[in-house]
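Working notes, structure below.
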Amino acid sequence: MATTTDIKTSRLHLRRWSHTDADAMERILSDPYVSICIMSDSSTPAKCRAAAKRRIDWFNSYWDAGYGVRAIAIKDSALGTPGEVVGWCGVAGYGGSQGEAEILYGIRRDFWGKGVATEAGHAAIDDFFQSTKEASLCAIIFEQLNANSVGVAERLGLTKRRRVHFADFSPGHELRALALDYALWCIGCPQAHEDQKLMVCAAAKAGLIVGSGIGDTDHVRVALRRHAQDSDSLAKLEAAFSSTLEDPTCPYLSLSRT
Ligand SMILES: CC(C)(COP(=O)(O)OP(=O)(O)OC[C@H]1O[C@@H](n2cnc3c(N)ncnc32)[C@H](O)[C@@H]1OP(=O)(O)O)[C@@H](O)C(=O)NCCC(=O)NCCS
């Protein structure tokens, strides 16, 4: 049932990843606004390179089951430079304890808000149901960080079914520890000092991870105190951290074959 077919949409070319795309993946992952929303650590060039290679291998590891996560390359010159890879979209066999395949997407930030994830997502879902006999697919989203992603999933037809504990769907201890290191790095990174929204996202992500049993609360609170610009900002960061620490759950959305 292996699928190798490229998919063309009106503006995009979705195709399998190759290792020659590592630079493009690295560029996408080097942006904390992207990497804080996923399980990754791109805090140094070496870690970013390693994360890019790991992600490409992971995205290509499902093709024998008939699906995978494709590179999104530009097709329409009105959107960007044809051939340039600006994101990923597709289905991976990772849906937590339910074992449902999960739709994934990530777009380089200079292409956000142009309908790229939505256009690629529709094509990936059609292809998934045509290429497999699977009854459904899911999405599990860090909604406190990522209302955009919930919006995309709902536009793609997925609906919220329940909430799942972060520890039950997130990959192993090692990846969660790595993502916590990245969240702590993000709280103090230069972009976060210019944009408190990023800091708040990083604090919420840290709460989810610590709430799932990795790391300790004092360590995060010290980082929040060190980097907060003033008492108002500290209160916002602590509120974001505490809310996910106390309720480390995420919405589980799903779409059934029609
Ligand atoms: C979440 C994410 C993938 C969304 O990607 P995106 O390409 O910006 O999403 P879209 O453009 O399809 O949709 C976003 C907005 O653009 C709007 N849009 C859709 N088509 C458009 C078009 N042709 N032109 C302009 N805007 C458009 C959508 O209506 C939507 O607006 P809304 O949120 O106000 O409803 C992106 O923010 C991202 O990569 N985030 C980091 C990684 C991540 O979070 N991945 C998901 C983990 S669960």
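The values are calculated or read from the model by the stated rules, or taken from the named source; none is laboratory data. Since the structure is predicted, the reported quantities are computational estimates derived from the model, not experimental observations. Don't worry about glycine lacking a Cβ; one is built from the backbone with ideal geometry, like all the others, and counts go over all protein chains shown. Protein only, heavy atoms only, side chains kept; ligands, DNA and RNA dropped before computing areas. Shrake-Rupley method; radii C 1.70, N 1.55, O 1.52, S 1.80 Å.
Kindly establish whether S136 is among the small types (G, A, S) and within 25 Å of E246 (Cα to Cα). Here the answer is no, as S136 does not meet what is asked. Would you mind telling me which numbered condition in (1) under 18 Å from the mean Cα position of the chain (by Cα); (2) open to solvent by less than 20 Å² (accessible area, probe 1.4 Å); (3) of a type in the set (A, V, I, L, M) A123 fails? So A123 meets the others, but not (1). Entry remark, the range 138-176: residues being away from the ligand (no atom under 12 Å from the Cβ), over 14 Å from the mean Cα position of the chain (by Cα) and open to solvent by 30 Å² or more (accessible area, probe 1.4 Å) number 12 in total. Identify the residue in the range 1-23 that is surrounded by fewer than 20 Cβ atoms within 10 Å (Cβ to Cβ) and of a type in the set (A, V, I, L, M, F, W, C) and, among all such residues, is farthest from the chain's Cα centre (by Cα). Filtering the range 1-23 for residues that are surrounded by fewer than 20 Cβ atoms within 10 Å (Cβ to Cβ) and of a type in the set (A, V, I, L, M, F, W, C), the one farthest from the chain's Cα centre (by Cα) comes out as M1. Reported count of residues in the range 228-258, each being open to solvent by less than 40 Å² (accessible area, probe 1.4 Å), more than 30 Å from K160 (Cα to Cα) and not aliphatic (A, V, I, L, M), is 1.
Evaluated against (1) in a helix (DSSP H, G or I); (2) touching a Leu at 6+ places or on another chain (Cβ under 6 Å); (3) closer than 28 Å to R54 by Cβ, D181 falls short on exactly one condition, (2).
Is it the case, given these coordinates, that S43 is touching a Ser or Thr at 6+ places or on another chain (Cβ under 9 Å), open to solvent by less than 30 Å² (accessible area, probe 1.4 Å) and either without any contact (Cβ under 8 Å) to a residue 24 or more places away in the chain or of a type in the set (S, T, N, Q) (or both)? Yes, satisfied.
The set of residues from the range 37-72 being in contact with a Pro (Cβ under 8 Å, 6 or more places away or on another chain) and either of a type in the set (S, T, N, Q) or closer than 17 Å to R15 by Cα (or both) comprises just one member, S42.
Being farther than 23 Å from G99 by Cα, out of contact with any Gly (no Cβ under 8 Å at 6 or more places or on another chain), open to solvent by 20 Å² or more (accessible area, probe 1.4 Å) and at pLDDT 95 or above: is that true of V200 here? Yes: the conditions hold for V200.
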